[in-house]
1. Please give the net charge around A150, taking every other residue with its beta carbon less than 9 angstrom from that of A150, where Lys and Arg add +1 and Asp and Glu add -1.
2. Which order do you get for K473, K45, K324 if you rank them by accessible area with a 1.4 Å probe, largest at the top?
3. Please work out how much accessible surface F38 shows to a 1.4 Å probe, ignoring ligands, DNA and RNA, in Å² rounded to 10.
4. Report the net charge of residues surrounding A260, where surrounding means a beta-carbon distance below 10 angstrom and charges are Lys +1, Arg +1, Asp -1, Glu -1.
5. For D21, enumerate residues with amide H under 5 Å from its amide H, sequence gap 5+ or separate chain, H modeled in the peptide plane.
6. Take peptides 299-309, 206-216, 413-423, 25-35 and line them up by average Cβ neighbours within 10 Å, highest first, as a rough protection proxy.
7. With the cut-off at 1.5 for a/c, could you classify segment 338-386 from its C-alpha gyration tensor as rounded, prolate or oblate?
8. Roughly how many whole Å is it from the C-alpha centroid of segment 261-319 to that of segment 190-210?
Amino acid sequence: MLAAVLPQSTKTAPEPSSAYDLLITNARVVDGTGNPWFRADVAVKGGHIVRVGSVGAAEAKQVIDARGQILAPGFIDVHTHSENVYGLPEAENFVRMGVTTLVTGNCGGSAADVGAFLERIKETPLAVNLSTLVGHGTVRDKVLGTANRAPTPDELRQMESIVEQAMRDGAVGLSTGLIYVPGTYAKTDEVVALARVASRHGGVYATHMRSEGEGVFDAIRESIEIGEQAGLPVEISHFKISSKRSWGKSDETIGLVKAARARGLPVTVDQYAYTASSTSLDSRLPSWVLEGGREEGKKRLADAATRERVIKEMKESLKRGGFKDFSHAMVASYRPNPAFNGKSIAQITKETRRKSDVKNQIEQVLEMYAAGGAGMVYHSMGEPDVQAIMREPFTMIASDSGVRRFNEGVPHPRGYGNNARVLGRYVRELKLVSLEDAIRKMTSLPAQTFKLRDRGLVREGMAADLVIFDETKINDRATFEQPHQYPTGISHVIVNGQVVLTNDQLTGAKSGAALRGPGASVD
Ligand SMILES: [Zn+2]
């Protein structure tokens, strides 16, 4: 029947669609759904996947034989601090671990003008796709500076309208950093008000919670309350237990997430695959000391009685966390004296003050705070908790890293190794999760959570963000001592159909796109 309506005997030229831009043959496809791998060729044209299956002897401008290798969707890193990406547009540390999309603006800190930030990709093309949240800390700072008080109704309206504009400009949601200045000065109701605005535009609420230590249980409850009151999904960032005294209680923190999900609130979490965290040195000081900025803080610390009170509070906070001293706290980058980089506060104190008791260590911390602060790595988590969190189906893999300048400082190795470490150590060596599930946590789950609707799956019609790697060879090499080492085993990375990494070489292609959230107004 069908044949009868087709024009007969007109000799048409071969379908132009048979000439693909890129053809990847013989791969074992792990498609991002979590389903077991299957064998297929994948054809790409115009930046999209146009065929998954047996393609045969088709014409293609470029062919990659992926025999013996895994082909997966490019990894989506939902928790980055990549505001610096335009200065390092190749984003080499991310590309080399298979990451093709960065979500930035996390922990309450984002570009002040989301629209301009995303537009800039036209002038400065990037090797990766870029997406951003709008940071509550950034918005609060714009309206209230670092004031430790609630906003007036008028100030709250101003904050709401900034969030509104950011969502229209393409932010994928609202982020908070409730341990940082100025986010820490916000009460729950303020965050709920702003999350409502994000909710109206289909955004997610991503939070660096008020506590990841002894207060983590209340902090999770607060996050859930914000999601339930504002009516939007909650993403808990870098989910962890960083108080030694609470190690082993991940079943309880996971239980709170599960209970919220059972009540109908979509809560998800992300995680990096290490037992050390990384954040500022300032975050060790009581937040009331930091109010008004560093100069104000220095004035407070110049007063002997106040300084004693700070030392006492810092001692108590260490003790509450179950730590004897600051030997778990390593300097990642300290501008005034780079010789400190890679050493612990305990070591540094020994070198500079001979005596390295807790009081002297705290004095050392305060001195470094006054001199401008430092980037730090804190060895504060237990491996069993890291593993328990990784096993949960709602956990995604994210680095919490910025774009790295090769060989600068001694940053946390997660920015070089995170995805490869999960696939090498936790999938292949420890068999904690299956390859297919680990890939799902890096691809379709992030895409679903952040509503990147045409990403995260190897499927016809999806954007051609792809990674090819050898599952028997993939390994992270970055260590805490020597973090500036790229992983091994990843041979090709493709962004919007263009090859950005091939056989260990960056091609220089900058085919990344700005990915806007569902609230973006179409013009
Ligand atoms: Zn954070």
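1. Residues near A150 contribute -1 overall.
2. Result, largest first: K324, K473, K45.
3. 70
4. +2
5. For D21, the qualifying residues are V44, K45, G46, K61.
6. Packing order, densest peptide first, comes out as 413-423, 206-216, 25-35, 299-309.
7. prolate
8. So the separation of the two Cα centres works out to 22 Å.
The values are calculated or read from the model by the stated rules, or taken from the named source; none is laboratory data. On a predicted model such as this, the values are computed, not experimentally measured, just so you know. Cβ coordinates were reconstructed from backbone atoms using ideal geometry, including for glycine residues, and neighbour counts include every protein chain displayed. These accessible areas exclude ligands, DNA and RNA; they are computed on the full protein's heavy atoms, side chains included. Shrake-Rupley method; radii C 1.70, N 1.55, O 1.52, S 1.80 Å.
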